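**Q** Input: one structure, supplied below.
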Amino acid sequence: MALETTQARISTGLKVGQASDNAAYWSIATTMRSDNKALATVQDALGLGAAKVDVAYTGMNSAIDVVDEIKAKLVAAREPGVDKSKIQSEIGELQNQLTSIATSASFSGENWLSHDSAATGYSATKDVVSSFNRASDGTVSVGTISIVTSASKLFDANVAASGILDLDFTTTGAGAVTVSVSTLSITAASIDNTDIDEMISEVDSALSSMTTSASDLGASKGRIDMQNNFVSNLMDAIERGIGTLVDADMTKESTRLSALQTQQQLGTQALSIANASAQSILSLFR
């Protein structure tokens, strides 16, 4: 029986391979293995969330560069005698680029830069699964990291557009036009320096909002990365804990197996010698 037990431990690598070996340890190990599988899924979710944040951040960072160029063009338009139509042509291309960036910044069907707040099921925040928790009473729960995506939207397809770049503002100069960063134009005959100055101010305000949003996205990405590292380390720690409970000491078991096999061989030899001696004694009476 001892030989069979040792051989089973060596073949499986476990000293507790089934409930009959140690019911308490087997139950704990089985539960923790299940939790580790759940944590592996959490890792996948964190990776997906990190990818979404990264795509949004990349798009936002690119949009900041373009809006910065628009501001520079508007400042150039303040120079007396410049050809505003040519400057507007450049601004128009930059505005098209902004639309392209916001539309393309999508991952797995989610776009955090171009929204439609009137769409069914729209939510101003996105939740990323970040943890699997087991309380002392055995109840389980799933933790999430919430990211406010409404602060990062550049465009909103809703009629009441409220994105950073499509939010309308009205200038107070001779032109008194109602435009947004993505639609402003300086070619109207009535546009004066006051209108352009206010456009510059609004573009600069949009840049400030975009910079804040990019910082928030970067902070969210950092938190997700830290949580991902923690979950990875937690899984390793749980695996080590399970091993302490149920893994066999292979060095100890190998030594024990050799000893038991030697005992078995000696026992067999002893029986063989005893049988031979008995046969010799019987032959004397023949």
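The values are calculated or read from the model by the stated rules, or taken from the named source; none is laboratory data. No experiment lies behind these values; they were computed from the predicted model shown. FYI the Cβ positions are ideal-geometry reconstructions off the backbone, even for glycines, and counts take in every protein chain you see.
**Q** Residues Gly163, Gly173: which one is out of contact with any strand residue (DSSP E or B) (no Cβ under 8 Å at 6 or more places or on another chain) and surrounded by 15 or more Cβ atoms within 10 Å (Cβ to Cβ)? It would help to see each step written out before you state the result.
**A** Numbers: Gly163 fails: out of contact with any strand residue (DSSP E or B) (no Cβ under 8 Å at 6 or more places or on another chain).
Result of the check over Gly163, Gly173: Gly173.
**Q** When you check Tyr122 against the structure, is it of a type in the set (Ser, Thr, Tyr), under 23 Å from Ser220 (Cα atoms) and assigned to a helix (DSSP H, G or I), yes or no? Let's see the steps before the verdict.
**A** Working: of a type in the set (Ser, Thr, Tyr): yes; under 23 Å from Ser220 (Cα atoms): yes; assigned to a helix (DSSP H, G or I): no.
Considered against the rule, which asks whether it is of a type in the set (Ser, Thr, Tyr), under 23 Å from Ser220 (Cα atoms) and assigned to a helix (DSSP H, G or I), Tyr122 comes out as no.
**Q** Filter the range 7-58 down to the residues that are assigned to a helix (DSSP H, G or I) and charged (D, E, K, R), then identify the one that is modelled with the lowest pLDDT. Outline the logic, then answer.
**A** Step one: of the range 7-58, the residues assigned to a helix (DSSP H, G or I) are 7-12, 23-58.
Among the residues that remain, those that are also charged (D, E, K, R) are: 9, 33, 35, 37, 44, 52, 54.
Details: Arg9: 56, Arg33: 87, Asp35: 92, Lys37: 93, Asp44: 95, Lys52: 94, Asp54: 95.
Looking at residues that are assigned to a helix (DSSP H, G or I) and charged (D, E, K, R), I get Arg9.
**Q** Are any of the residues in the range 26-49 closer than 23 Å to Phe132 by Cα, among the acidic types (Asp, Glu) and touching a strand residue (DSSP E or B) at 6+ places or on another chain (Cβ under 7 Å)?
**A** First pass over the range 26-49, keeping only residues closer than 23 Å to Phe132 by Cα: 26-49.
So of that shortlist, the ones also among the acidic types (Asp, Glu) come out as 35, 44.
Narrowing the set further to residues that are touching a strand residue (DSSP E or B) at 6+ places or on another chain (Cβ under 7 Å) leaves 35.
Yes, the range 26-49 contains a residue that is closer than 23 Å to Phe132 by Cα, among the acidic types (Asp, Glu) and touching a strand residue (DSSP E or B) at 6+ places or on another chain (Cβ under 7 Å).
**Q** So is Gly138 exposed (fewer than 15 other Cβ atoms within 10 Å of the Cβ), outside any loop (DSSP other than H, G, I, E, B), out of contact with any Pro (no Cβ under 7 Å at 6 or more places or on another chain) and not hydroxyl-bearing (Ser, Thr, Tyr) or not?
**A** The answer is no for Gly138.
This table checks each residue for (1) within 30 Å of Ala56 (Cα to Cα); (2) under 45 Å from the mean Cα position of the chain (by Cα); (3) in contact (Cβ under 8 Å) with a residue 60 or more places away in the chain.
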position	(1), (2), (3)
Asp168	yes, yes, no
Gly175	no, no, no
Ser185	yes, yes, yes
Ala206	yes, yes, yes
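**Q** Go through (1) surrounded by fewer than 18 Cβ atoms within 10 Å (Cβ to Cβ); (2) in contact with a helix residue (DSSP H, G or I) (Cβ under 6 Å, 6 or more places away or on another chain); (3) among the aliphatic types (A, V, I, L, M) one by one and return the number of the condition Met210 breaks.
**A** Against the list (1) surrounded by fewer than 18 Cβ atoms within 10 Å (Cβ to Cβ); (2) in contact with a helix residue (DSSP H, G or I) (Cβ under 6 Å, 6 or more places away or on another chain); (3) among the aliphatic types (A, V, I, L, M), Met210 comes up short only on (1).
**Q** Just to check your reading of the model, which residue among Thr194, Thr172, Thr211 is part of a helix (DSSP H, G or I), modelled with pLDDT under 95 and of a type in the set (S, T, N, Q)?
**A** On the way: Thr172 fails: part of a helix (DSSP H, G or I); Thr211 fails: modelled with pLDDT under 95.
Matching residue, one of Thr194, Thr172, Thr211: Thr194.
**Q** Restricting the search to the range 102-112, which residues are buried (at least 21 other Cβ atoms within 10 Å of the Cβ) and part of a helix (DSSP H, G or I)?
**A** Scanning the range 102-112 gives a single hit, Ala102.
**Q** Related question: Given the condition over 30 Å from Ala188 (Cβ atoms) and not in a loop (DSSP other than H, G, I, E, B), answer yes or no: does some residue in the range 61-71 qualify?
**A** Restricting attention to the range 61-71, the residues satisfying the condition of being over 30 Å from Ala188 (Cβ atoms) are 61.
So of that shortlist, the ones also not in a loop (DSSP other than H, G, I, E, B) come out as 61.
Within the range 61-71, one or more residues are over 30 Å from Ala188 (Cβ atoms) and not in a loop (DSSP other than H, G, I, E, B).
**Q** May I ask you to verify whether Ala219 is part of a helix (DSSP H, G or I) and within 33 Å of the chain's Cα centre (by Cα)?
**A** Values: part of a helix (DSSP H, G or I): yes; within 33 Å of the chain's Cα centre (by Cα): yes.
Criteria met by Ala219.
**Q** Residue check, Val181 against (1) within 28 Å of the chain's Cα centre (by Cα); (2) under 24 Å from Lys73 (Cβ atoms), all met but one. Which one?
**A** (1)
**Q** Determine whether Ala119 is surrounded by 14 or more Cβ atoms within 10 Å (Cβ to Cβ) and at pLDDT below 90. If you could, list the steps in order and put the result at the bottom.
**A** On the way: surrounded by 14 or more Cβ atoms within 10 Å (Cβ to Cβ): no; at pLDDT below 90: yes.
For Ala119, the condition - surrounded by 14 or more Cβ atoms within 10 Å (Cβ to Cβ) and at pLDDT below 90 - is not met.
**Q** Restricting to the range 53-66, name every residue that is among the aliphatic types (A, V, I, L, M), surrounded by fewer than 24 Cβ atoms within 10 Å (Cβ to Cβ) and in contact (Cβ under 8 Å) with a residue 60 or more places away in the chain. It would help to see each step written out before you state the result.
**A** In the first step, residues of the range 53-66 are kept if they are among the aliphatic types (A, V, I, L, M); the result is 53, 55-56, 60, 63-64, 66.
Subsequent filtering for residues that are surrounded by fewer than 24 Cβ atoms within 10 Å (Cβ to Cβ) retains 55, 64, 66.
Across the range 53-66, the qualifying residue is only Ile64.
**Q** Out of the residues in the range 141-153 that are farther than 21 Å from Leu46 by Cβ and in contact with a His (Cβ under 9 Å, 6 or more places away or on another chain), state the one that is surrounded by the most Cβ atoms within 10 Å (Cβ to Cβ). Lay out the reasoning, then the answer.
**A** Residues of the range 141-153 farther than 21 Å from Leu46 by Cβ: 150-151, 153.
Right, trim to in contact with a His (Cβ under 9 Å, 6 or more places away or on another chain) and you get 150, 153.
Values: Ser150: 18, Lys153: 26.
Of everything passing the filter in the range 141-153, Lys153 is surrounded by the most Cβ atoms within 10 Å (Cβ to Cβ).
**Q** Whether any residue in the range 76-84 is in a helix (DSSP H, G or I), in contact with a strand residue (DSSP E or B) (Cβ under 7 Å, 6 or more places away or on another chain), touching a residue at least 12 places away in the same chain (Cβ under 8 Å) and crowded, with 16+ Cβ neighbours inside 10 Å is what I want to check. Write out each step before concluding.
**A** Here is the first cut: in the range 76-84, the ones in a helix (DSSP H, G or I) are 76-77, 84.
Subsequent filtering for residues that are in contact with a strand residue (DSSP E or B) (Cβ under 7 Å, 6 or more places away or on another chain) retains none.
The answer is no; no qualifying residue exists.
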